[in-house]
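Engineer: Structure in structure tokens, see below.
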Amino acid sequence: MAAHRCSWWSWLLILFSLSVFVVADIHETTPVNDHHGGVDHNAQTAEQTADQPAVEERRWEATEVKEAATVDAAADIQGTSAPETVVPSSVPQPKDDFQEELVIRPLHSGDIYASFQFRTLWDTDFMRENKVSHYRLFPKSLGQVISKFSVRELHISFTQGYWRTMQWGQPFIPSPPGAELWVWFQDSVTDVDATWKELTNVLSGIFCASLNFIDSTNTVQPSASFKPLGIGNVTDHSFVRYATLPREIVCTENLTPWKKLLPCGSKAGLAVLLKSEKLFHSSFHSQAVHIRSVCQDWQCKTTSWELRQTLNSVFDLHNSGQTKREWSLFKMFSRTLTEACPLASSSKLYIDITDNPQGEQFELSPATSLLSQAVVLGDRRTFSVYDLTQETTFGSVRSLNLLIRWKSNEGEMLRPLLHAERYVAGYGLQTGEIHTLMYNNHPYRSFPVLLLDSVPWYLRLYIHTLSVTSKGKDNKPSYIHYEPSKDRVKPHLLEMLIQLPPNSVTEVTVQFERALLKWTEYPPDPNHGFYVGSSVISSLVPSTVAMHTNSTQERPLFSSFFPCKEESSYFVRIYTEPLLVNLPTPDFSMPYNVICLTCTVVAVGYGSLYNLLTRSFQIEEPNPGLAKRIANVIRRMRGVPPL
Amino acid sequence: MAVMQVDVPLVSLPDRTTTICASSVSDKCSSTPGHHKELSSGYSASTPRTSATAQRPVKIFQTTILCVCLPERRRGQLAALSIAAVVIIVGVPLWWRTTETYRAWLPVSQIKDLAKLQLHLSADVEVVFARGTVTPEQQKKVPLTQTQDEEHTVDEDTTLRYRYETKYRTATIMEEDALKKPTAAEADLSLHMLSESPCGSLVVYVIPESSSLLPEDVNVYIGQRRTALVRISAQMRVGKTLEQLLAQLEPQIKQVLQVMSFSHTDITVALSDRVRFRPGNKESIADSMRAFKSSPGYEITFSLLNPDPKSHQLHWDIEGAVQTYIQPLLTKLSPLANFSMDSQTLYYTMLGVTPRFDSSFEAYTLNADSLAHVINPVEARLGSNAASSNPVLNFLLYVPDIRHSPLYIHDHRKQEVPSNAFHSPRWGGIMVYNVNGFYGSETEFPVHVNINMAKVMGVFLAQLRLLLGVQSLSPPPGFLVAPCGSAGLADWELDRLMWSRSVENIATATTTITSLAQLLDQIGNIVINDNIAQQVSSAVTSLQLAMAELEVGNLGFALQYSKEAILASEKAFFDPSLLHLLYFPDDQKFAIYIPLFLPMCVPILLSMLKIVSEARQRRREKQAKKE
């Protein structure tokens, strides 16, 4: 409806009412054809249509159903159209399942680590051709992404802040600062790069993030570091893509679409705690979506798709300005729990009380008798469990506000066995050196780590200067995969398998040269510096306790993310700090200045040449000097002939 | 000026060279004839030598310079002229060529032709006389072909011409047998088996009044395919000649055509992209606003909204229902567009309006006025289709929560809407499904409910037909329209839809192409890449083909070409390389050019001016001399 030439005021009025406000109007109503009765109402409809005056523009109309024949015919096909019934016990088992859990771990630094995990399992096959998809618990948008782009596995995380391994220990699910996306495609994908490009654009829309900035200059194909976490023994790394955006800032607009993917939204269950004003007032915030296919049973005869949504935060107890060390759900999230998500088959809250077996460090209220032990990250931990599906958990007040009151500050944290850091050394704006330090804190065992470094092309790595030293000795990597960069096309990729000796620091250094960018290639605020994504260190760390290798066994979600192949070691992935590197930055008014300057030079040169060519030269009679002129004036006044 | 320096002391020198030089000066420099005299007189006066001797060498030098001054001047002028020439002949074209934007060739004249749209629609109609409807002498004149033309001018740029080519013939023996079937539906089916009429054409059988195929009060029967039966009445047969009979028959055949083939209102509605609406019939405007715009594909999403999963556990067999009810219709509609379907269940989705309790009905009610606000909060959860950019048709089944149950929709007359459903134009439909019948006094929550999909799909199918633009118009009196069967759509209904969709596609594609051409014409520095030019050309050729096919009545091809045209034109129009933000505005460009161009052009212009003014002056002097 656009502007109209007509001047009828009534028409204009209608237009106005349409554009300003949607006027609702129901017009004709015809009784629904009860298909059991089979009465034809066609004639009646005609009459009603005729006597109905079109008073207003209608936007909303009651649906008249007169396709009696259609329904009848269709019903015939179906044979018996099941009448609405109260379903007895023989309800077909739904093929999907939803679980939610929250783990709270008081950290030795005095912070609180809260880790939410929501898992949807769906027994379906996205890859079937021409399938009408019917979604129940699984979000439709992600399902469409999986089937359209033939995704085998998808991992995406948005993180604000840096996880401090030395203070906080290992997180349940690690993630680098900024945005990280890695995807395994099915073998059927022919043009992986085009699919990847399209996929990042679609994900960018789904998560309201700048994932559309992922292009070939920050995408790599890791050969060993990122193996599929689900089933499938894929070795061809041409189907994997990995990219990070360390500059990405995570905020509410990323959280809202993430919450929308949950079946209960933020209306019920643990997700009611996810209030953005509290969540983003924390030291560390990371939200992620992991999609993969997993085994349903021990023999792995059938597979199902798993969607795992995780959210990790670390709350600083001191920044809330309180003197007493006390923590409660309400204080942290400004909400309390009142019910589990009705769709969840399990809804649990775990509190890590491993360091507090006798309650000498802190006190939990309400207390729970339910205890659970789980092996996570090579350590046997004890948890107090609150089962939200049980009515008794909420007590008489019908709400659960968990409270932790500290008694003492003592306690030693187990040093993490593996941790890493990275920094840039050197001075000036021409060259520099990247140092990556990896610490093996295990007292007597050495273990191998896979280091992945993806460096943008504008830092030109001098790969001949690469050196790996442990304990002052050269440590030769047993596997090096290096892909040189191509200017403006692809980044450097360096993957190394390094054996870390026990109780040692291994240092990897490589020198680089800073490139000069074209003036349009600089991002806004270039003097802030350029981010280089975190190094990824993946390793199988020796475990002190036996790990569970059965992935289908019922376990808390937080302990079942990384599959475990053998009992003696567990998988750890850690991310170093992202680097912030200064590049030589020009003055951005430079192009115009240069234009003006060169134009002036050209104009001056041209002008003098032009003069030389076109002017005719002659000598003028030199003017008599000033003294002579004055003297002449005087002489004239005296009547004496001039000089 | 040079002559001004030839002053008296210099002339006084009895030097040979000086004299010659001076005289040559006086010869050539005709600009100062007064000095000439002075010079010669000065020479003859032979003033005594004074202090000038010391200055002599300098003076001599000076005079030699003076001597060469004239070729020097000419050379300067020539240099200035040649520089100007180089600038004009080499510099300007070079600058022009290096800064010009690439603009591929576009079929501008053909696009201009498209701006003036002349659509010819023609339909083949066959009128078959059964035995007993024509007298033997009338029968001699058949077969016979007649064409009828109708012309409409929609607006100054758009004209429509409808042509019905009517062929009259008598029925074959097999057709006679088919017409002897006991019911009209069977006759329709067996006639269809005999010959399959192509898309867009119609066959009208004229049957005698004694025929038992049609009930008493029915004169015209419209079948499921492309056939209609017309009963001839007694008063029609008063005429003797065939022409009189045809004249009697014509109004009825025309009515049949209006129902089964394109009608003028349909076509004008389909042209809405080109032609602004006249403030005409509001009914038809509302009808035209309801259906989705023509698109190469549609996504159909069924959503079950369960705001209260604690009390209700809902089970809907959407997979089976879609296969049974929706798929046949979509298979039938597949020539029009690609359809894809999916469904989802959404929990904790609240309506935007809190229903009011109406004690007279003992139920919660939603007023017609508030329906507009119902969907907004729901829509945020529906999510758009991540995998395609086709328009989405949403069908929502809302099961009200236990505190607002039962819930009924009321219309403007405060009457309950029997289907308990409503639809929103170009968006989709919502049905409210009450489950309060399952609440007993001792029912344990959650209640497990199996949703009656036949009831739900009946409503959704009706809404889908409306939203896709299948007009279910009320037939004129005396007409009987066959029920549309398992596919949910009769062949002629599909034809009607194809007519209006082809016209709509053509209208949309022409507007897109003409506005694109206009835009490219207006903004001169948009780069037109080859692929855009290619898309535009292919759109134009497809459009021309589609219009040609419409003219000869090949509906299927016309629709196909019009779809291609719309795809190509949209692709060209939305190509990212046409983003005008990538180009500098003219004032900024000149800000960059000025530091170079201004200092270079000013001396050239000035010397040109000087040369011109000198030339003019010389001419004036020559004239003065002549006089």
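Every residue, every condition in (1) among the acidic types (Asp, Glu); (2) at pLDDT 90 or above; (3) assigned to a strand (DSSP E or B), yes or no:
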site: A:LEU466; (1), (2), (3): no, yes, yes
site: A:GLU507; (1), (2), (3): yes, yes, yes
site: A:SER534; (1), (2), (3): no, yes, no
site: A:PHE561; (1), (2), (3): no, no, no
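Engineer: Restrict the check to the stretch A:98-118 and report whether at least one residue is at pLDDT 90 or above, surrounded by fewer than 21 Cβ atoms within 10 Å (Cβ to Cβ), assigned to a loop (DSSP other than H, G, I, E, B) and away from every other protein chain (no Cβ under 14 Å).
Structural biologist: no
Engineer: When you look at B:VAL374, is it more than 30 Å from A:THR200 (Cα to Cα), under 43 Å from the mean Cα position of the chain (by Cα) and more than 10 Å from chain A (Cβ to nearest Cβ), yes or no?
Structural biologist: No, not satisfied.
Engineer: Output the residue which, of all residues in the stretch A:404-460 that are outside any loop (DSSP other than H, G, I, E, B), over 25 Å from the mean Cα position of the chain (by Cα) and small (Gly, Ala, Ser), is surrounded by the most Cβ atoms within 10 Å (Cβ to Cβ).
Structural biologist: A:GLY432
Engineer: Looking at (1) more than 35 Å from the chain's Cα centre (by Cα); (2) facing chain A (nearest Cβ under 8 Å); (3) of a type in the set (A, V, I, L, M, F, W, C), which is the one condition that is false for B:PHE422?
Structural biologist: Looking at each condition in turn, B:PHE422 falls short on (1).
Engineer: Looking at (1) touching a helix residue (DSSP H, G or I) at 6+ places or on another chain (Cβ under 9 Å); (2) away from chain B (no Cβ under 14 Å); (3) among the charged types (D, E, K, R), can you tell me which one A:GLU567 breaks?
Structural biologist: (1)
Engineer: Additional query: Is it true that B:GLU379 is of a type in the set (D, E, K, R) and outside any loop (DSSP other than H, G, I, E, B)?
Structural biologist: Yes; evaluated as a whole, the condition is true for this residue.
Engineer: Against the definition (without any contact (Cβ under 8 Å) to a residue 40 or more places away in the chain and touching a strand residue (DSSP E or B) at 6+ places or on another chain (Cβ under 8 Å)), how does A:TYR386 come out, yes or no?
Structural biologist: Taking the combined requirement at face value, the residue satisfies it.
Engineer: Moving on to the next point. Would you mention how many residues in the stretch B:269-301 are at pLDDT 75 or above and either of a type in the set (Ser, Thr, Tyr) or more than 21 Å from the chain's Cα centre (by Cα) (or both)?
Structural biologist: Here the count works out to 6.
Residues checked against (1) touching a strand residue (DSSP E or B) at 6+ places or on another chain (Cβ under 6 Å); (2) in a strand (DSSP E or B); (3) within 8 Å of chain A (Cβ to nearest Cβ):
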| site | (1), (2), (3) |
| --- | --- |
| B:SER295 | no, no, no |
| B:ASP308 | no, no, no |
| B:THR324 | no, no, yes |
| B:GLN327 | no, no, no |
| B:LEU330 | yes, no, no |
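Engineer: Follow-up question, since we're still on this one. Kindly list the number of the only condition in (1) surrounded by 13 or more Cβ atoms within 10 Å (Cβ to Cβ); (2) modelled with pLDDT of 85 or more; (3) under 30 Å from A:GLY605 (Cβ atoms) that fails for B:SER562.
Structural biologist: (3)
Engineer: Given the residues A:GLY265, A:GLY230, which is the only one that is within 10 Å of chain B (Cβ to nearest Cβ) and in a loop (DSSP other than H, G, I, E, B)?
Structural biologist: Every option except A:GLY265 fails the conditions.
Engineer: Just wondering, is there one or more residues in the stretch B:134-141 that are in a loop (DSSP other than H, G, I, E, B) and closer than 30 Å to B:MET547 by Cβ?
Structural biologist: No; the residues of the stretch B:134-141 include none that is in a loop (DSSP other than H, G, I, E, B) and closer than 30 Å to B:MET547 by Cβ.
Engineer: Now a separate question. Take the residues of the stretch A:223-251 that are closer than 15 Å to A:ASP187 by Cα and of a type in the set (Ser, Thr, Tyr): which is surrounded by the most Cβ atoms within 10 Å (Cβ to Cβ)?
Structural biologist: That would be A:SER238.
Engineer: Let me confirm something: among A:SER141, A:SER147, which residue is assigned to a helix (DSSP H, G or I), within 14 Å of another protein chain (Cβ to nearest Cβ), small (Gly, Ala, Ser) and more than 20 Å from A:ALA209 (Cβ to Cβ)?
Structural biologist: Just one listed residue meets the conditions, A:SER147.
Engineer: Quickly run through the stretch A:183-222 and pick out the residues that are within 29 Å of B:ARG381 (Cα to Cα) and surrounded by 21 or more Cβ atoms within 10 Å (Cβ to Cβ).
Structural biologist: Result: A:VAL183, A:TRP184, A:PHE185, A:TRP196, A:LEU199, A:THR200, A:LEU203, A:ILE206, A:PHE207, A:ALA209, A:LEU211, A:ILE214.
Engineer: A further question follows. Within 14 Å of another protein chain (Cβ to nearest Cβ) and either in contact with a Pro (Cβ under 7 Å, 6 or more places away or on another chain) or surrounded by 14 or more Cβ atoms within 10 Å (Cβ to Cβ) (or both), is that true of B:ILE592?
Structural biologist: So B:ILE592 passes the test.
Engineer: Checking A:THR585 against (1) more than 14 Å from chain B (Cβ to nearest Cβ); (2) of a type outside the set (D, E, K, R); (3) surrounded by fewer than 16 Cβ atoms within 10 Å (Cβ to Cβ); (4) in a loop (DSSP other than H, G, I, E, B): exactly one of these is not met. Which one?
Structural biologist: Unmet for A:THR585, out of (1) more than 14 Å from chain B (Cβ to nearest Cβ); (2) of a type outside the set (D, E, K, R); (3) surrounded by fewer than 16 Cβ atoms within 10 Å (Cβ to Cβ); (4) in a loop (DSSP other than H, G, I, E, B): (3).
Engineer: Then there is this: Quick check, is A:HIS492 closer than 22 Å to A:LEU583 by Cβ, crowded, with 17+ Cβ neighbours inside 10 Å and not assigned by the TED database to the domain that holds A:PHE226?
Structural biologist: Considered against the rule, which asks whether it is closer than 22 Å to A:LEU583 by Cβ, crowded, with 17+ Cβ neighbours inside 10 Å and not assigned by the TED database to the domain that holds A:PHE226, A:HIS492 comes out as yes.
Engineer: Scan the stretch A:179-223 residue by residue and report those that are of a type in the set (Asp, Glu) and more than 22 Å from A:LYS140 (Cβ to Cβ).
Structural biologist: A:GLU180, A:ASP187, A:ASP191, A:ASP193, A:ASP215
The values are calculated or read from the model by the stated rules, or taken from the named source; none is laboratory data. Fair warning: this is a prediction, and the values are worked out from it, not measured in the lab. Quick reminder, even Gly has a Cβ in these numbers, built from the backbone with ideal geometry, and neighbours come from all protein chains shown.
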